[in-house]
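The block underneath contains the structure these notes are about, expressed in structure tokens.
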Amino acid sequence: MSNLDADRVLDRFRRAKDRRSNWESLWRDCVDYTLPQRNGGIGRATPGERKADRLFDATAGDAAEQLAASLLAELTPPWSRWFGLVPGPALGTAERERIKPRLAQAEEALQGHFDRSNFSVEIHQAYLDLVILGTASLLFEEAPIGASSAFRFAAVPLKDTVLEEGPDGALDVTFRRSELTAQQLVARYGAQALPENLAGRSPDEAADEQRFAVVEGVLPDGVAYDYLAVLERGEGVGEPAVLRRGRFGRSPFINFRWMKAPGEIYGRSPVMRALPDIRTVNKAVELTLKNASIAVTGIWQADDDGVLNPATVRLTPGTIIPKAVGSGGLTPLQPPGNFDVSELVLTDLRERIRQALLTNKLGTVDSPRMTATEVLEHSAEVARVLGATFGRLQAELLTPLVARALSILARRGEIEPLSLDGRTVALQYRSPLAQVQARKDVANTTAWVERLAAFGEPALRMVDLPATAHWIGRAMGVPESLIREVPAEAPVPEQLPDPRAAAPEQPPAPQQPAAEVPDGGR
């Protein structure tokens, strides 16, 4: 039984929120200089307001969106099987054959629910938070019975999320503060969740602008997670009230980071690394536009000759400007700055921004005439650049995501319970990025077999061809149901008998003279 209470959860939430305050100004700058329309995710915002007044260059925003789209395509491509369930190394041959149909059925069920859910929409929003802010949170809930999918996802904005690391260093202590209307409060927690001043009244009678603050806490407790939802003290609310209490085998909040600095909880993003260049480009473009305005309208000077009145001068075609005898009249003033070098500076800075946001590495291949080897090398370069980040996302996002999905479907009875421990059942990643190294290993193995075949049959006898074909199939992500286990065979002798020695010697066939071909047959 959970020992959480409302006061304990609220106190820990406030202390964690105070520690998070150091990040808020940095997050605000990252959003304002890349995608200012997403600033509602880090603070209060008015719907429909103009949010790009400080932004003069869209290089960083375009690169951030491209990186988020590349992560979606490389890690969790929509309508594609980016994961697989395979028998673990602890199982024998007979056990592997028995468990294969169960794993294939679980894969089909998982893929179907992912495809029918809103996963692709929400994970893309989470990737944008990851690229810009360095930390993202994805809420993975079980949908009501009767919905098209058992899964329901929501990308949680960082302004609503307060995170802490658990005892084992994982980012699995989650607090979420949300403000709900009376209708939303009743829909999520029932009619008993309404405060005393609204008890007995219909939620429709409550003012639309009246909102109630709810703090949800998910804290690890051994092998499970305790959940508590608390109604905060506020207008019309007395003491904090517990709305719901529960326990999860897997946390519904999946928190993941781009990279982590020592001693910090929240992640660092590629936008943070490129922020100095992004600010410089934005200011340089602003000054360039001002200089262009000056170049078009001009700066003028005039002698105070008592005749020319600058307030009455209109620079329009056909205008006659009076001036005194001997006066210079209205003359243009040359600006002191030379902004011709600004384009050179901007080109270099924009290239550095694109490089920091991996646009030149993860972008589409420009040359349509690239060979298969060149495409493979390009994929290997992508894997090298994203290797460390992919390893973190694999541990903090992909594995908890599949484990949570398996637990939901097993609780519903759609699949048999599976232990995703890596020994009996292993999780295999089949996304394009995960398959880069596998394709390279397959290419090396295939080249080795081809070279041995060039030496002749004695060298080829060193290859266990059925086992090699089995390994290549698994490395390339072929479904386990299509691969038969390699049967145990008798060991191959060191020297096979020559079949020509066992055959009886045959006398040579008599040679017949070749028939003459008449000239007409030529």
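Applying the criterion of at least 1 residues that are at pLDDT 85 or above, over 19 Å from GLY84 (Cβ atoms) and outside the structural domain of VAL271 (by TED's automatic domain parsing) to the helices (runs of 4 or more DSSP H) found wholly in the range 352-467 leaves 435-454, 457-460.
For VAL285, indicate whether it is surrounded by 16 or more Cβ atoms within 10 Å (Cβ to Cβ) and within 30 Å of LEU171 (Cβ to Cβ). Answer is no for this residue.
Quick grid of which residues meet (1) surrounded by fewer than 19 Cβ atoms within 10 Å (Cβ to Cβ); (2) among the charged types (D, E, K, R):
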site: ARG245; (1), (2): yes, yes
site: SER251; (1), (2): no, no
site: ASN255; (1), (2): no, no
site: PRO270; (1), (2): no, no
site: ARG273; (1), (2): yes, yes
site: ARG279; (1), (2): yes, yes
site: THR297; (1), (2): yes, no
site: GLN301; (1), (2): yes, no
site: PRO310; (1), (2): yes, no
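Check whether at least one residue in the range 28-49 is in contact (Cβ under 8 Å) with a residue 12 or more places away in the chain and of a type in the set (Ser, Thr, Tyr), and report yes or no. Yes, the conditions are met somewhere in the range 28-49. Only one of ALA434, ALA405, ALA438 is more than 30 Å from THR468 (Cα to Cα), touching a helix residue (DSSP H, G or I) at 6+ places or on another chain (Cβ under 9 Å) and touching a residue at least 24 places away in the same chain (Cβ under 8 Å). Can you tell me which? Result of the check over ALA434, ALA405, ALA438: ALA405. Just one of the listed residues (GLY422, GLY413) is at positive phi, surrounded by fewer than 17 Cβ atoms within 10 Å (Cβ to Cβ) and without any contact (Cβ under 8 Å) to a residue 60 or more places away in the chain, and it is GLY413. Hey, any hits in the range 153-170 for a residue that's assigned by TED's automatic domain parsing to the domain that holds SER419 and more than 22 Å from the chain's Cα centre (by Cα)? No, the range 153-170 contains no residue that is assigned by TED's automatic domain parsing to the domain that holds SER419 and more than 22 Å from the chain's Cα centre (by Cα).
Among residues of the range 72-85 that are assigned by TED's automatic domain parsing to the domain that holds ALA104, those with a Cβ under 7 angstrom from a residue that is among the acidic types (Asp, Glu) and not in a loop (DSSP other than H, G, I, E, B), sequence gap 6+ or separate chain, pair up as TRP79/ASP115; GLY84/GLU107; LEU85/GLU107. Scanning the range 167-187 for residues that are under 30 Å from ILE265 (Cα atoms) and exposed (fewer than 15 other Cβ atoms within 10 Å of the Cβ) yields PRO167, ASP168, GLY169, ALA170, GLU179.
Filtered by the rule that a residue be in contact with a helix residue (DSSP H, G or I) (Cβ under 7 Å, 6 or more places away or on another chain) and part of a strand (DSSP E or B), the range 138-151 gives LEU138, PHE140, GLU142, PHE151.
The values are calculated or read from the model by the stated rules, or taken from the named source; none is laboratory data. Being a predicted model, the structure only gives us computed values, none of them experimental. Using ideal geometry, Cβ is built from the backbone for each residue, glycine included, and neighbour counts are taken over all protein chains shown.
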